[in-house]
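First comes the structure, then the notes that go with it.
No lab work stands behind these numbers, since they all come straight from the coordinates. Please read all numbers here as calculations on a predicted model, not as lab measurements. Quick reminder, even Gly has a Cβ in these numbers, built from the backbone with ideal geometry, and neighbours come from all protein chains shown.
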Amino acid sequence: VTKGEMPIDPLRTVAKEMKFLTGNIRKLLGSGHPSLDRAAKYYTQAEGKHMRPLIVLLMSRATTLCPKETRRTSSSVSDLPSGGIDTALSPLNILADVNPSSSPSPLTEAAPTTPADADAQILPSQRRLAEITELIHTASLLHDDVIDHSVSRRGSPSANLEFGNKMAVLAGDFLLGRASVALARLRNAEVIELLATVIANLVEGEFMQLKNTAQDERRPKWSEETMTYYLQKTYLKTASLISKSCRAAAILGGADAASVDAAYLYGKNLGLAFQLVDDLLDYTRSEAELGKPAGADLELGLATAPLLFAWETMPELGALVGRKFEREGDVARARELVLQSDGIEQTRALAKEYSDKAIDAISGFPESEAKDGLVEMAIKALQRQK
Ligand code: FPP
Ligand code: MG
Ligand code: MG
């Protein structure tokens, strides 16, 4: 994806907005209590990748050029399109029906498309959304590191190690509180509902990961359902935040229903690709390369995509999965089998499929630098090494 001979730098299009991101987030996190202030801001010190806000900002800019929704944005819950959020959440339907594209067909006569414009404005509300998205993500990392007994994050000691579990959990709660305040101030009920659903989804994903109800825990057998369960968990744990934030960005910009759905689909597929790559890097990279412990998933008893693909042809893995790699030598054996199998390649291929779908989803967007940036992000998700 090149313009002339120059490779697209997705960051360039939104560099100005990204420069203020961390400062603004730190302002949202100020507390009169010095140790809470310190714990809450801790993960904003290390240079994170800021992948989510970057995508939200690119999506904001890219959808500015899309046709506008002519209907006034609903501001009361009863006006919400019924498909706009995951209500009656049945995990097993998540991948099938979570795409809120079932929302009523747009009542629009398509408004005239604005010509591609590099200066297309990002609204203050969209900038705030990018910050809220990063806050929710960071809150989930604070909690995740407690749950995973993690000792490092972004190349430094993790917050739970630095401050202890209690303070790390409370700091995460504080981030969610401040994110909620900022969200409420956007005064858009549909966007509030989307992001509140994300918070619930994160917990649901984490629960699915803790409790593999798709398995007979004593004698698990590989089945098609194994993979479906994993992908549903992955949607909730990772893709929900990106997809619903993309959707919210398009809504805040007043984009029409088709563009809002396209934004959502882009985020969903990118999120799935992103987590698949995360799960394979856990097998292929070192702690020094990742800035967090490598090989952590097996140590935590987790069977992710590379192992699930390996398991299909190596039934021996079933017993190890069943006891969560707890016995002496289990982790090493599982690792060895996965590396002998084509699990890593299959995971990479599946990630590529999702990345392609993400690119496909926004193919109808008017040409712009921001759109190129989104395409580049989907390609980069596959190439990243950490
Ligand atoms: C990182 O996964 C963790 C997540 C993507 C989400 C974790 C969600 C919770 C702990 C639920 C409750 C939290 C909130 C704030 C609602 P990972 O452990 O696979 O990745 P890592 O290697 O970066 O630790
Ligand atoms: Mg973790
Ligand atoms: Mg985790």
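Backbone phi angles across region 231-243, fed through the Karplus curve with coefficients 6.51, -1.76 and 1.60 (θ = phi - 60°), yield HN-Hα couplings of 5, 5, 4, 5, 4, 5, 6, 10, 6, 4, 5, 5, 5 Hz in residue order; Gly and Pro are listed as x. Here the Karplus relation 6.51 cos²θ - 1.76 cosθ + 1.60, evaluated at θ = phi - 60°, turns the backbone of region 154-161 into coupling constants of 6, x, 10, x, 5, 4, 5, 6 Hz, with x for every Gly and Pro.
Looking at region 139-181 from every direction and averaging, what is the projected area of its Cα convex hull in nm²?
So the mean shadow area of the Cα hull is 2.7 nm².
With N set to the residue count of region 289-386, report its C-alpha Rg divided by 2.2 N^0.38 Å to two decimal places.
1.38
Compared with the alpha-carbon gap, the fully stretched path from residue 286 to residue 360 is longer by 23.3 nm at 0.36 nm per residue. Partners of residue 352 within straight-line reach, counting lysines whose Cα lies under 23 Å from its Cα and excluding those fewer than 8 residues away in the same chain: 3, 49, 233, 237, 244, 268, 371, 380, 386. A cut-off of 5 Å between modelled amide H atoms, ignoring neighbours fewer than 5 places along the same chain, links residue 255 with 69. For residue 19 and residue 328, the difference between the fully extended length at 0.36 nm per residue and the C-alpha to C-alpha distance is 106.5 nm.
The listed peptides 163-170, 175-182, 228-235, ordered by packing as a protection proxy, come out as 228-235, 175-182, 163-170 (highest mean of other Cβ atoms within 10 Å first). Each distinct pair of alpha carbons in region 234-314 adds a 1/r term; the inverse of their mean, the Kirkwood radius, is 14.3 Å. Peptides 363-372, 42-51, 322-331, ordered by how many other C-beta atoms sit within 10 Å of their residues on average, highest first, read 363-372, 42-51, 322-331. Each residue of region 358-369 was assigned a 3J(HN,Hα) from its phi angle through the Karplus expression (A = 6.51, B = -1.76, C = 1.60, θ = phi - 60°), giving 4, 5, 4, 4, 9, 5, x, 5, x, 4, 6, 5 Hz with x at Gly and Pro. For the peptides 277-288, 136-147, the ranking by mean Cβ contacts within 10 Å, running from highest to lowest, is 136-147, 277-288.
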